[in-house]
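Any read-out appearing in this document is the output of simple, stated calculations on the displayed coordinates, not a laboratory observation. Since the structure is predicted, the reported quantities are computational estimates derived from the model, not experimental observations. Cβ coordinates were reconstructed from backbone atoms using ideal geometry, including for glycine residues, and neighbour counts include every protein chain displayed.
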Amino acid sequence: MEKIKVFDSGLKLIVKKMSGIYTACCGVFVGVGSSVENTSTNGYSHFIEHLLFKGTKKRSALEISEEIDNVGGQLNAYTSKDVTCFYTRTMSEHTEKCMELLSDMFFDAQFDVEEIEREKKVVVEEILMDEDMPDSVCHDLLAEAFYGNHALGMTITGKPENIKKATRESLLNYKKRFYVPDNMCIALTGDVDFEKACDLTEKYFESRFSKKRAEQVLSLVPAVTETQFKYAFKEVEQAHIAVAFPGAEFASDEYYALGIASFMLGGGMSSRLFQTIREKNGLAYTVYTYPSAYKNNGYMEVYAATAPKNISRLAELMKSEIKRFVKEGFKKAEFNKGKEQLKGNLVMGQENPLGIMSAYANYFLKTGEVYDLKKRLKKIDAITPERVWEAAKKCFDFSLCSAVYVGQKTDDFRCVENFIE
């Protein structure tokens, strides 16, 4: 059973005790990512994530790593479009050590100038590594095409030139704006006790806050005002194609309806796109649909990769299969399969302490509500085939989509632009 406490500062604590688990996961989640950045600060959220590992007032970077390695645990972090997370997983007897370490990193990271300059090189290498992966380039370019100049269209890691010009002062000012209690959630899962978790959170976090409120960030619902086709030429063996359609906001009723549609269209080995493009025509190894959802908007991505000579045929089949899905609908058995896949994914994600930790914290930060698996499953069960079809017809509008191509320069690469009507 999950339990929650909201402290006076606005800091949220969520605790989920799991039977049969002997480890504890501790996560500090901050509602900050590239979606609150601008052209000057793009990449700062991710860069600050790196810098919190680079030494505190009482620990060097090596000592931070050794602290967890010495007890056989894991220490890691990630940054997304809208959340930054720092987490540990150890045997439960080391929970207090983990909370103290995370607190030390959170409050007392030194932001040493030499470390900042050194880490700039590391982050730039990470950016260049991503640019060497055509599928990663394809996904980033698609977000840029779909969201245009909105922050959600920017990459999480930022541009190399942005990272290189960042200063200690600009980074600390950015951290000060967003690393505040009412913009945070602490989550503990596994072999954890609620009362102990409350005491540790009070001791290592709540008692140390001085500023209480996050700066209000203007977060407009991005409107698709024009369709865009973007491309990037790379000397790679495959051509990568992706299309984005207007989706639904996170955890809305339409979000679940589109989740079912996504599974039917491209969410598994028996899905329509997989069967048509891979099994029947052998055009691709990878083809799928995937809904990306944020607090007040989202999009549906359709992606595939093939040999450059096959891009016209691949694009033609992708578009025709989507159109057939929208025009003809689907049978009840196909609908039931998609619904069970969506439910199964949710349930299986709740059998891992790290997965639960992220799900609960992300859900609370985005909705202000406690994650309730049974409630979500009940909501999915209530969705009808008619509702899914209506959501699909609204989503898969080729006059509102954006498309991208990443691969070799071919005579017909612009065939991908034909997705847009």
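Could you give the distance between the Cα centres of region 261-317 and region 137-201, to the whole Å?
If we compute the Cα centre of each part, the gap is 29 Å.
Taking only Cα atoms, what is the 0 to 90° angle, nearest 10, from helix 134-147's long axis to the longest principal axis of the chain?
90 degrees
Just grab the label-to-label distance for Lys57 and Ser252, each label 7 Å out from Cα along the Cβ direction, in nm (one decimal).
Reported label-point gap for Lys57 and Ser252 is 4.6 nm.
Considering the convex hull of the alpha carbon atoms of region 229-419, report its projected area averaged over all viewing directions, in nm², one decimal.
Details: hull surface 45.1 nm².
Across all orientations, region 229-419 yields a mean hull projection of 11.3 nm².
Compute the projected area of the convex hull of the Cα atoms of the chain, averaged over all viewing directions, and report it in nm² to one decimal place.
Details: hull surface 82.4 nm².
Directional mean of the projected Cα hull area for the chain stands at 20.6 nm².
Which trypsin sites (Lys or Arg not before Pro) in region 64-168 pass both tests, a DSSP loop state and at most 15 other beta-carbon atoms within 10 Å? Write down the numbers at each step before the final one.
Numbers: sites: Lys81, Arg89, Lys97, Arg118, Lys120, Lys121, Lys164, Lys165, Arg168; in loops: Lys81, Lys165.
Listed in order of number, the matching sites are Lys165.
Using a 10 angstrom cutoff on alpha carbons, build the Gaussian network for the chain and name the most mobile of Gly368, Gly247, Gly268.
Gly368
Helix 311-328 sits at what angle to the longest principal axis of the chain, using alpha carbons and giving 0 to 90 degrees rounded to 10?
With both axes taken from Cα atoms, the answer is about 90 degrees.
Taking H placed 1.01 Å from N in the peptide plane, check which residues at least 5 places from Ala307 or on another chain put their amide H under 5 Å from its amide H.
Here Ala239 satisfy the definition.
With the chain treated as a Gaussian network of Cα nodes joined by springs under 10 Å, which of Ala284, Ala333, Ala242 yields the largest mean-square fluctuation?
Most flexible of the set in this elastic network: Ala333.
In degrees from 0 to 90, rounded to the nearest 10, what is the angle of the helix 168-178 Cα long axis to the longest principal axis of the chain?
With both axes taken from Cα atoms, the answer is about 80 degrees.
As an exercise, identify the trypsin sites (Lys or Arg not before Pro) in region 303-342 lying in DSSP coil whose Cβ has no more than 13 other Cβ atoms within 10 Å.
Here the sparse-neighbourhood loop sites are Lys331.
Please find the FRET efficiency linking Glu117 to Lys203, where r is the Cβ-Cβ separation and R0 is fixed at 30 Å, and quote it to the nearest 0.05. Can you show the working numbers first?
On the way: r = 34 Å, r/R0 = 1.15.
Between Glu117 and Lys203 the formula returns 0.30.
Check each of the GluC sites (Glu not before Pro) in region 323-367 and keep only those in coil by DSSP with at most 13 other C-beta atoms within 10 angstrom; list them in order. Numbers along the way, then the final one.
Working: sites: Glu328, Glu334, Glu340, Glu351; in loops: none.
Of the GluC sites (Glu not before Pro), not one in the loops of region 323-367 has a Cβ with at most 13 other Cβ atoms within 10 Å.
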